Amino acid sequence: MERIPVIEMFGPTIQGEGMVIGQKTMFVRTAGCDYRCRWCDSSFTWDGSAKDEVKQMTAEDIWQQLKQLGGDRFNHVTISGGNPALLKGLRALISLLKEHNMRIGLETQGSVWQDWFYDIDDLTISPKPPSSNMKTNFTMLDTIMERLTAHRGHVSLKVVVFDDEDFAYAKHVHQRYPTVPFYVQVGNDHIHEADDVTLRLQLLQKLEWLVDKVVQSKEMNNVRVLPQLHTLLWGNRRGV
Ligand SMILES: C[S@@+](CC[C@H](N)C(=O)[O-])C[C@H]1O[C@@H](n2cnc3c(N)ncnc32)[C@H](O)[C@@H]1O
Ligand SMILES: Nc1nc2[nH]cc(C(=O)O)c2c(=O)[nH]1
Ligand code: SF4
Ligand SMILES: [Mg+2]
């Protein structure tokens, strides 16, 4: 059986972001990413700093570990990374989770397609704005969004916004795929801040700025603005 590189698993917690914010869920975080976002809050998945924590696991290993962590206190599992879309072998995990009647969420940036995207219940595609220093391959993103919208799955777009240029990018993405539920998320510019009170204040100010941008924009009448709820609650800690 194909192995999946897992860097951390945690939960039950709540989904802190996007289309199912507040949903109780477990997290499986895979190692490795094809991007290097300047502000990545999970850079340990790709920068080598946590390479000793990566475990090559089978789908069954992952399920056993989820049960050990969460017992019978969950029925939703979120797969994030890194970029989980790099892993063809996730199909086996998705099938196994379905057999156990789990709902599945997945977070990816829209740089790689996998056929198993069709089997994700809550799929978030999160293209990266200019502040990330990454460049969106819109040909690939068009293909992905075309396939997903032809299918009746639960998909959304989520763009993290740090500045005016990112907001313009978010507008562009929303206008390119106008029928897809669209979220803008507050960017956390202070991923190394250890004081939760200081961080909260900064994030709430940024949220107010972003709400105002949306309120003032005639192109953004049908978008939802969200913070990272887990960051407001628990700061920059890992595994929450
Ligand atoms: C760590 S990424 C992993 C999944 C995938 N690589 C992606 O970027 O969508 C999960 C989510 O966290 C967001 N994120 C990463 N760093 C962030 C930051 N500093 N502030 C706000 N959101 C951030 C990403 O944009 C993405 O939507
Ligand atoms: N609670 C919680 N919600 C999240 N939503 C997306 C996350 C991620 O890192 O992908 C994340 C995370 O790390 N924790
Ligand atoms: S795509 Fe996601 S995991 Fe990869 S560097 Fe960017 S935010 Fe981090
Ligand atoms: Mg996170």
Excluding M26 itself, calculate the net charge of residues whose Cβ lies under 10 Å from the Cβ of M26, where each Lys or Arg counts +1 and each Asp or Glu counts -1. +3
Can you give me the distance in nm between label points at T198 and E165, each placed 7 Å from the Cα along the Cα-to-Cβ direction? 2.6 nm
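Given the rule -39500 (n - 2.57) for each run of at least 4 DSSP H residues, summed and divided by the residues of the chain, what is its mean residue ellipticity at 222 nm, to the nearest 500 deg cm²/dmol?
The per-residue figure over the chain is -10000 deg cm²/dmol.
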Between R38 and N222, what is the label-to-label distance in nm when each label sits 7 Å out along the Cα-to-Cβ direction? 3.2 nm
Rg followed by Dmax, in Å, when the chain is reduced to its Cα trace: 17.2, 52
Lysines whose Cα lies under 18 Å from that of K213, excluding same-chain neighbours fewer than 8 positions away: K158, K171
Using every alpha carbon pair in the range 113-160, what percent of pairs falls into each 5 Å bin from 0 up to the bin containing the largest distance? 5, 20, 30, 24, 13, 7, 1
Of the range 62-85, those with amide N under 20 Å from the point 7 Å along the Cα→Cβ vector of D47 are 80-84
Output for the range 105-164: trypsin sites (Lys or Arg not before Pro) sitting in coil per DSSP, at most 11 other Cβ within 10 Å, listed by number, reads K135, R152
Run the lone-cysteine check on the chain: no other Cys C-beta under 4.7 Å from the residue's C-beta. C33
Just the number, please: percent antiparallel of the DSSP beta bridges in the chain, rounded to the nearest 5. 25 percent
Can you give the FRET efficiency for N101 and E2, using 1/(1 + (r/R0)^6), R0 = 25 Å, r = Cβ-Cβ distance, to the nearest 0.05? 0.60
Take the alpha-carbon positions of the range 130-240, form their convex hull, and give its projected area averaged over all directions (one quarter of the hull surface) in nm². 7.8 nm²
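Computed from the coordinates by the stated procedures, all read-outs in this text should not be read as laboratory data. Owing to the predicted nature of the structure, the values given are computational and were not obtained by experimental measurement. When we count neighbours, we look across all protein chains shown, and the Cβ atoms used for this are built from the backbone with ideal geometry, even at glycine.
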